[in-house]
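One structure below.
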Amino acid sequence: MTLHRLEPVHSGFARRVQDSFARQGAMQTLGAELSRLEPGMVDVSLGWAPGLTQQHGFLHAGMVSTALDSACGYAGLTLMPADAAVLTIEFKINLLAPAKGQRFRMEGRVLKPGRTITVTEGRAYAIDEGHEKLIATMGCTLMCVQGRDLAD
């Protein structure tokens, strides 16, 4: 994925994303962590755990979708104003292969930032015995919400 260098609109974007991520119960439940945080780029990583699997022992597609949505949303938030919140308004996921591995990396990348609507792309990778395999892609549309009582 070739992307242009994107500039944040405020200097505190990294701390803001870290603080918001720490408040997300869903990411805590998955055991997820931020593994990359740059303007327009966020990676979320998590390990395999029995409570996150489907009946064949693969990471459940709902878990893949959840982590990819967060990676895309936080990538968008890195470029939004300090007083804005981000909400996903649409996503489409393509599941390309079973989510088999010891670890997983979900990357979110901003394709087109906007004042109100931001378009992002996500890719999920399974890391199995040191080899990384693309397992899913996501197209995600985000809305920048301002002037409402929402926590970012």
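The values are calculated or read from the model by the stated rules, or taken from the named source; none is laboratory data. All of these numbers come straight from a predicted model, not from anything done at the bench. So basically every Cβ, Gly included, is an ideal-geometry build from the backbone, and we count neighbours across all protein chains shown. Heads up: the accessible areas ignore ligands, DNA and RNA and are worked out on the full protein's heavy atoms, side chains in. Shrake-Rupley method; radii C 1.70, N 1.55, O 1.52, S 1.80 Å.
Out of segment 8-39, which residues are assigned to a loop (DSSP other than H, G, I, E, B), open to solvent by 50 Å² or more (accessible area, probe 1.4 Å) and touching a residue at least 40 places away in the same chain (Cβ under 8 Å)? Hits for segment 8-39 are V9, Q24.
Of L77, L142, L150, L95, which residue is closer than 20 Å to E33 by Cα and either modelled with pLDDT of 95 or more or not basic (K, R) (or both)?
Unique residue meeting the criteria: L77.
Looking at segment 40-152, the strands (runs of 3 or more DSSP E) lying wholly inside it that each contain 1 or more residues that are of a type in the set (V, I, T) and open to solvent by less than 10 Å² (accessible area, probe 1.4 Å) sit at 41-47, 103-112, 117-128, 131-145.
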